[in-house]
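Working notes, beginning with the structure itself.
The values are calculated or read from the model by the stated rules, or taken from the named source; none is laboratory data. The structure presented is a predicted model; accordingly, all values stated were derived computationally and were not measured. Heads up, the Cβs are rebuilt from the backbone with ideal geometry, glycines too, and the neighbour counts pull from every protein chain shown. SASA here: full protein model, heavy atoms, side chains in, ligands and nucleic acids out. Shrake-Rupley method; radii C 1.70, N 1.55, O 1.52, S 1.80 Å.
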Amino acid sequence: MSTIFLDRDGVINENQADYVKSWQEFRFLPGSREAIAKLTQAGHRIIVCTNQAAVARGHVSVETVEEIHRRMLADIAELGGSIEKIYYCPHAKDENCLCRKPRPGLLLRARDELGIDLSDAVFIGDSMTDVRAGLAAGVHSILVLTGLGVEQFRNHHHEADGPFCITLNLRHAAEIILQGLHLHTSAQQALDSACYSILDISKHLDVLTSTSTRDHVALPSEV
């Protein structure tokens with residue numbers, strides 16, 4: 001079975017505006033543990049690859065991040081899920097490291113350390129940086145619409161250098177993978193097409209709203 005790479009915040013658990021800084025702030029997204037359990041029981045290897053710039057910015061210590069991960073793994077295991085390993089980048093964006101997504105360093109490190117075949121691997125994330133990291137590593141990429149997903153798709157979808165799938169959440173992504181529909185078959189493309197259609201409509205509405213506002217607001221020179 002293939003390897004499934006997961007982002008953490010916005011995929012497994014809720015995003016926090018100022019980072020998840022303690023276990024008390026950690027909240028599983030509905031259905032995420034069950035999705036991981038289903039993938040585990042189907043024989044998939046599951047790896048987490050996550051940016052944790054809060055470490056570099058002094059908001060959280062490495063020890064706290066690792067405590068959060070230990071508790072997260074334990075709670076996932078209670079439902080029958082298993083995450084083989086968690087890789088995280090503790091660096092800030094301006095440090096220009098090789099492991100911070102959208103660079104594929106975390107995925108390539110997992111490949112080398114765990115002997116993973118990337119040819120049929122999948123990366124699930126809520127950011128276009130996740131999609132781009134997956135594509136750069138040569139794996140199938142899925143964008144979930146939880147977490148930052150909607151905003152990321154709306155504003156950054158054009159940054160992807162290749163095709164990617166769109167799903168509602170991790171549970172939906174797991175169902176798509178288990179049915180083999182993540183390989184850009186016509187069934188999965190229906191959701192992708194719907195999202196792009198909504199994006200086009202949204203852009204037209206923005207233009208119409210902007211035009212309407214301009215037409216109804218008197219400029220100083222016109223008063």
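Output needed for segment 39-189: three equivalent-ellipsoid semi-axes, defined as square roots of 5 times the C-alpha gyration tensor eigenvalues, in descending order, whole Å.
24, 20, 15
Calculated FRET efficiency, SER119 and ASP75, Cβ-Cβ r, R0 25 Å, to nearest 0.05?
0.20
What does the accessible area of SER193 come to, in Å² to the nearest 10, when a probe of 1.4 Å is used?
70
List the trypsin sites (Lys or Arg not before Pro) within segment 1-41 that fall in a DSSP loop (any state other than H, G, I, E or B) and whose Cβ has at most 15 other Cβ atoms within 10 Å. Please report the intermediate quantities before stating the final value.
Details: sites: ARG8, LYS21, ARG27, ARG33, LYS38; in loops: ARG8, LYS21, ARG27.
Passing both the DSSP loop test and the Cβ count: ARG27.
Sum up the charges of everything whose Cβ sits under 13 Å from the Cβ of LEU29, counting Lys and Arg as +1 and Asp and Glu as -1, but leave LEU29 out.
Computed value for this residue: -2.
Checking the a/c ratio against 1.5 first, then a/b against b/c, what shape does the Cα gyration tensor give for segment 1-126? It would help to have the intermediate numbers written out before the result.
Values: a/c = 1.98, a/b = 1.16, b/c = 1.71.
Oblate shape, in that a/c is at least 1.5 and b/c is the bigger or equal ratio.
For segment 60-188, what is the accessible area per residue in Å², given a 1.4 Å probe and the full set of protein chains? Mind dumping the intermediate values first?
Working: 5930 Å² over 129 residues.
Dividing the accessible area of segment 60-188 by its residue count gives 46 Å².
Between ASP161 and ALA42, how high is the FRET efficiency from 1/(1 + (r/R0)^6) when r is the Cβ-Cβ distance and R₀ = 22 Å? Nearest 0.05. It would help to have the intermediate numbers written out before the result.
On the way: r = 29 Å, r/R0 = 1.34.
Plugging the Cβ-Cβ distance into 1/(1 + (r/R0)^6) gives 0.15.
Over segment 82-141, what number does the Rg to Rh ratio reach, with both radii from the alpha-carbon atoms and Rh per Kirkwood?
0.95
Give the calculated FRET efficiency between LEU178 and TRP23 to the nearest 0.05, with a Förster radius of 35 Å applied to their Cβ-Cβ distance. Working shown, then result.
Numbers: r = 30 Å, r/R0 = 0.86.
Efficiency computed from Cβ-Cβ geometry: 0.70.
For segment 30-169, what % of the accessible area comes from carbon and sulfur atoms, probe 1.4 Å?
49
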